[in-house]
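S.K.: What follows is a single structure, and I will ask about it in a moment.
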Amino acid sequence: MDVQQSRYYKDIQSLLDGLKTVKPLSEDFHIHKFSDTPSTWVKETSIFRSNTYSIILLTKGEAKYKIGLSDYHITDGSIYFQAPQHLRYYDRLSDWNGYVIVFMAPFFENHPTLKELVTQFEGFKIASKVVVPLEEENLIETERMFQHLYKISYSSSNQRFNKAKALLELIMMQSTEHYNLRYQNQKETKQNRIVKQFEQIVEEHLYDITQDKVERLITISEIAEQININATYLGEVLKKVTGKTPKEILSDRIVLEARSLLNNTDMAINEIAYFLKFQDASNFTKFFKLKTGVSPSEYRP
């Protein structure tokens, strides 16, 4: 059983096909304007993952988004970022104008500067903020860069993708500057750092589960140990900052993974239960119904 292929968009082709939008430019790089999209483009998605990086410039429009553990209300003049580890969902609340860039690791693998910019960029990290509102001057400058990248990418030049790498490098440099100005100068408290570390560990662990790299679900004590604090203090901090206990947050993320599997695959309920490291289908069904109010079979479309 190929869980990875059935559950997630494994490449740019399958992502764009799944969203019923435009055809890809190449296997590992793509850009399009939202005005290029056909009427079939999916307005609201189910929860999904994609083995791709995305940079979206929304010059006009409104959307609800879930990226990783965070929910966002995105409006005019925003740039936002998605990475392979991010669980995603969106609902377009109005028509969008702007651009979307999608690329995969092979596109920057042999380009050291671009590779460093992508892999070190905070906006692509699992538990980080991913949306940056742009001031008007910065929005105009950023839009010009996207316009140039779009024009080059659809040109007849034999060097168009090499040029695209250079332009993407500039966009990543600028994005890093805007991101740091927005977030890096904000003072982070010890408690906020603990919450971020907790979320990072949970997201990485859930991603490892989807890659079949772990044999069981991580415990709260093990997470606390990785953060170098005791589980009681971890619970106190998370409850104070988020209003939820560590167990509640972890359970909420497992439910998201379960919903994604139920929506996007034809895996049997017992297969999903074992995939998510439950002892049996009965325990999974009880857990899912307790969290959602319906059984997995009732939830499944």
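S.K.: Just give me the residues in segment 236-267 being buried (at least 17 other Cβ atoms within 10 Å of the Cβ), more than 19 Å from Thr45 (Cβ to Cβ) and not hydrophobic (A, V, I, L, M, F, W, C), in sequence order.
M.R.: Pro246
S.K.: Out of Asn270, Asn230, I need the residue that is over 26 Å from Asn51 (Cα atoms) and of a type in the set (S, T, N, Q). Which one?
M.R.: Working: Asn270 fails: over 26 Å from Asn51 (Cα atoms).
Among Asn270, Asn230, only Asn230 is over 26 Å from Asn51 (Cα atoms) and of a type in the set (S, T, N, Q).
Condition check ((1) open to solvent by less than 80 Å² (accessible area, probe 1.4 Å); (2) farther than 30 Å from Glu27 by Cβ; (3) out of contact with any strand residue (DSSP E or B) (no Cβ under 8 Å at 6 or more places or on another chain)) across all residues:
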residue: Lys125; (1), (2), (3): yes, no, yes
residue: Leu181; (1), (2), (3): no, yes, yes
residue: Thr189; (1), (2), (3): yes, yes, yes
residue: Glu199; (1), (2), (3): yes, yes, yes
residue: Lys213; (1), (2), (3): no, no, yes
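S.K.: Let me ask something else about it. So, of the residues in segment 128-151 that are charged (D, E, K, R) and farther than 17 Å from Gln82 by Cβ, which turns out to be nearest to the chain's Cα centre (by Cα)? Talk me through it step by step, then tell me what you get.
M.R.: Just the residues of segment 128-151 that are charged (D, E, K, R), to begin with: 129, 135-137, 141, 143-144, 151.
Filter once more, keeping what is farther than 17 Å from Gln82 by Cβ: 135-137, 141, 143-144, 151.
On the way: Glu135: 24, Glu136: 26, Glu137: 27, Glu141: 25, Glu143: 22, Arg144: 25, Lys151: 27 Å.
So, considering only residues that are charged (D, E, K, R) and farther than 17 Å from Gln82 by Cβ, the one nearest to the chain's Cα centre (by Cα) is Glu143.
S.K.: Ok, one more. Contact list please: Cβ distance under 6 Å, first residue in segment 222-243 and farther than 17 Å from Glu204 by Cα, second residue of a type in the set (Val, Ile, Thr), pairs at least six apart or on different chains.
M.R.: Matching pairs, first to second residue: Ala231/Ile220; Gly235/Thr245; Val237/Ile194; Lys239/Thr245; Val241/Val195.
S.K.: Only residues that are more than 15 Å from Gly77 (Cβ to Cβ) and open to solvent by less than 40 Å² (accessible area, probe 1.4 Å): list them for segment 156-175, please.
M.R.: Ser157, Ala164, Leu167, Leu168, Glu169, Ile171, Met172
S.K.: For the structure I just gave you, tell me whether Ser94 is more than 27 Å from Ile194 (Cα to Cα), in contact with an Asp or Glu (Cβ under 9 Å, 6 or more places away or on another chain), small (Gly, Ala, Ser) and buried (at least 22 other Cβ atoms within 10 Å of the Cβ). Before the answer, list the steps.
M.R.: Working: more than 27 Å from Ile194 (Cα to Cα): yes; in contact with an Asp or Glu (Cβ under 9 Å, 6 or more places away or on another chain): yes; small (Gly, Ala, Ser): yes; buried (at least 22 other Cβ atoms within 10 Å of the Cβ): no.
So Ser94 does not fit the description; no.
S.K.: I'd like to verify a number: residues in segment 93-132 that are at pLDDT 95 or above and basic (Lys, Arg), how many?
M.R.: The qualifying residues number 1.
The values are calculated or read from the model by the stated rules, or taken from the named source; none is laboratory data. Everything numeric here is computed off the predicted structure, so don't read it as measured data. Glycine also receives a Cβ, built like all others from the backbone with ideal geometry; neighbour counts cover every protein chain displayed. Just the protein is used for accessible areas: all its heavy atoms, side chains included, with ligands, DNA and RNA removed. Shrake-Rupley method; radii C 1.70, N 1.55, O 1.52, S 1.80 Å.
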